[in-house]
1. How much area per residue is accessible in the chain when the probe is 1.4 Å and only protein heavy atoms are counted (Å²)?
2. At what distance in angstrom do the alpha carbon centres of region 135-210 and region 30-47 lie from each other?
3. What relative contact order, as a whole-number percentage, does the chain give when Cα pairs under 8 Å and 6 or more residues apart are counted?
4. Please provide three numbers in whole Å: the alpha-carbon extents of region 116-173 along the principal axes, with the largest listed first.
5. In terms of modelled amide H atoms, which long-range or inter-chain residues lie less than 5 Å from the amide H of LEU114?
6. Report in % the part of the accessible area of the chain that belongs to carbon and sulfur, leaving out ligands and nucleic acids; probe 1.4 Å.
7. When the chain is treated as a GNM, springs tying every alpha-carbon pair under 10 Å, which of VAL141, VAL126, VAL198 comes out with the largest mean-square fluctuation?
8. Report the antiparallel proportion of the DSSP beta bridges in the chain as a percent, rounded to a multiple of 5.
Amino acid sequence: MSDLDTAFLAATRTSYDAIASDYASRFPDAMGGVPLDRALVSAFAELARAHSPAPVADLGSGPGHVTALLHDLGVPVFGVDLSPRMVALARRAHPGIRFHVGTMTRLDLPDATLGGIAALFSIIHVPDDHLPTTFAEFHRVLRPGAPVLLSFQTADAEDRRHLTERFGHEIALDYYLRTPGKVADLLVNAGLDPCARVVREPGEDEKLARAFLLVRKPAA
């Protein structure tokens with residue numbers, strides 16, 4: 001059985017296929033108009049450009065908004081998403097950028113080839129027992145010194161929430177809330193060095209705080 005056929009990946013893929021068009025319409029802005037979020041992505045882009053022409057992977061790229069933002073910031077970037085319908089939307093909206101179907105839990109990439117990884121609000125669907133191997137994949141495919149920017153909704157206590165409906169569509173989607181400390185420890189255990197940790201309070205129309213972690217693979 002391939003990694004794409006494991007239960008949580010299959011459920012996540014089917015759910016995002018169902019809501020792809022509505023999701024893209026509901027969230028047309030890469031960073032929701034939040035200046036701090038854009039500033040963090042810009043800082044990540046500056047670090048990643050130091051490794052050009054090695055490309056950056058936007059993992060969980062969805063309709064391609066963040067991928068396009070990184071492209072506009074001068075980063076050689078491509079998008080990877082579990083949902084074929086999301087990939088189709090991204091290709092249509094951003095024909096000059098490469099997008100393909102895949103999973104961050106098993107990247108179809110050679111060792112030490114990426115100049116950076118962005119994974120914004122995409123590890124939220126990865127169960128706890130799959131995170132160590134996912135972060136080990138990040139370490140494997142990164143060039144020495146290359147950065148990783150992660151973001152995820154966070155709360156004071158860990159929690160798992162299961163959604164059965166979104167935008168009027170029937171889905172089966174798990175959301176995992178984790179503390180920044182827990183995720184940071186897993187990244188360190190995977191061999192990635194911490195650089196920065198930012199937690200911002202919920203903005204307008206948001207119920208949960210947002211955590212951003214910037215790490216990098218140690219330089220050779």
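1. Working: 10180 Å² over 220 residues.
For the chain, the solvent-accessible area averages 46 Å² per residue.
2. Computed from Cα coordinates, the inter-centre distance equals 16 Å.
3. Details: 443 pairs, mean separation 42.0, N = 220.
In percent, rounded to a whole number, it is 19.
4. Sorted from largest, the Cα extents of region 116-173 read 44, 25, 18 Å.
5. LEU142, ARG143
6. Whole-percent figure for carbon plus sulfur exposure: 53.
7. In this elastic network of the chain, the residue with the biggest mean-square fluctuation among VAL141, VAL126, VAL198 is VAL198.
8. 60 percent
The values are calculated or read from the model by the stated rules, or taken from the named source; none is laboratory data. Fair warning: this is a prediction, and the values are worked out from it, not measured in the lab. Heads up, the Cβs are rebuilt from the backbone with ideal geometry, glycines too, and the neighbour counts pull from every protein chain shown. Each accessible area value is taken on the protein alone, full model and side chains, heavy atoms only, with ligands, DNA and RNA left out. Shrake-Rupley method; radii C 1.70, N 1.55, O 1.52, S 1.80 Å.
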